[in-house]
Structures are given as C-alpha cells and as structure tokens.
1. If you take the residues of region 79-100 that are more than 14 Å from MET20 (Cβ to Cβ) and hydroxyl-bearing (Ser, Thr, Tyr), which of them is modelled with the lowest pLDDT?
2. Can you run down the residue pairs with Cβ atoms below 8 Å, 6 or more apart or on separate chains, where the first is in region 12-27 and touching a residue at least 12 places away in the same chain (Cβ under 8 Å) and the partner is part of a loop (DSSP other than H, G, I, E, B)?
3. Condition test on ASP76, is it surrounded by fewer than 17 Cβ atoms within 10 Å (Cβ to Cβ) and modelled with pLDDT under 90?
4. For the chain, which helices (runs of 4 or more DSSP H) that fit wholly inside it have 3 or more residues that are within 13 Å of the chain's Cα centre (by Cα)?
5. Have a look at ALA52, ALA77 and point out the one that is without any contact (Cβ under 8 Å) to a residue 24 or more places away in the chain, of a type outside the set (Lys, Arg) and at positive phi.
Amino acid sequence: MFSKIQRMEKVTLQQLKSLMSEYLPSTNEEIIRLNNMPDEELLDASFRNDLAVDSLDMIVLTMNVEQKFNIAFSEDAVSRIENNGGTVRTLLEEINRLVY
C-alpha cells in the first residue's frame with residue numbers, strides 16, 4: 001500500500017506577517033506599520049535595516065517559524081535570513097522551499 005506524501009500549501013505573506021507580529025517584540029505603532037506596509041515594500045524590507053529587528057529577535061522568529069511549520073533551516077539559510085541583507089522575501093522563500 002502506498003502512502004501519500006503530504007505537502008503543505010505555500011505559506012503566504014499574510015501568514016508570515018501574522019507570525020512576525022506575534023513573535024517580534026513590537027510596539028503597537030510598529031505592528032500597525034508592518035500590517036499596513038504594501039506587500040512589495042514588505043517583501044523587500046531588510047529585517048535589520050528597515051524593520052529594526054536585532055539578531056536575538058531573528059533567532060526567536062526563525063525558531064518559532066521552524067516550530068510552526070515543522071521545518072529546520074540549514075545553517076546557510078539562517079545566515080541568508082539573518083544577515084544585514086536578509087529580507088522578508090528571503091525568509092518566505094526559504095520557508096516555502098522547505099514546506100512545499
């Protein structure tokens with residue numbers, strides 16, 4: 001008997017926004033700004049430079065994303081996500097590469 005391989009649906013930017021709002025320490029103003037940011041602008045936003053996310057916050061976010069979607073980022077992926085040029089798009093692409 002063959003078992004079906006279960007594939008999750010692709011994670012959307014809206015789902016990622018929700019996780020970011022939940023797991024990144026933010027003021028109400030920052031959460032409102034994040035949720036009102038146009039999608040293309042948010043996708044290209046750098047975690048450190050545009051969203052002021054520090055390295056500890058990134059660790060918390062990536063760990064919670066891994067737990068939420070039952071995935072494990074490689075060291076290379078974490079480095080791409082957490083470096084100064086790491087963007088929301090990079091994180092979303094890495095998540096979808098692993099879950100889909």
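The values are calculated or read from the model by the stated rules, or taken from the named source; none is laboratory data. Small disclaimer: the values here were computed from a predicted structure and weren't measured. As a convention, Cβ positions derive from the backbone with ideal geometry for all residues, glycine included, and neighbour counts pool all protein chains shown.
1. Only one residue fits best here, namely TYR100.
2. What qualifies is LEU24/LEU51; LEU24/VAL53.
3. Numbers: surrounded by fewer than 17 Cβ atoms within 10 Å (Cβ to Cβ): yes; modelled with pLDDT under 90: no.
For ASP76, the condition - surrounded by fewer than 17 Cβ atoms within 10 Å (Cβ to Cβ) and modelled with pLDDT under 90 - is not met.
4. Details: elements: 13-23, 28-36, 39-43, 55-69, 75-82, 88-99.
Output list reads 13-23, 55-69, 75-82, 88-99.
5. On the way: ALA77 fails: at positive phi.
The match here is ALA52.
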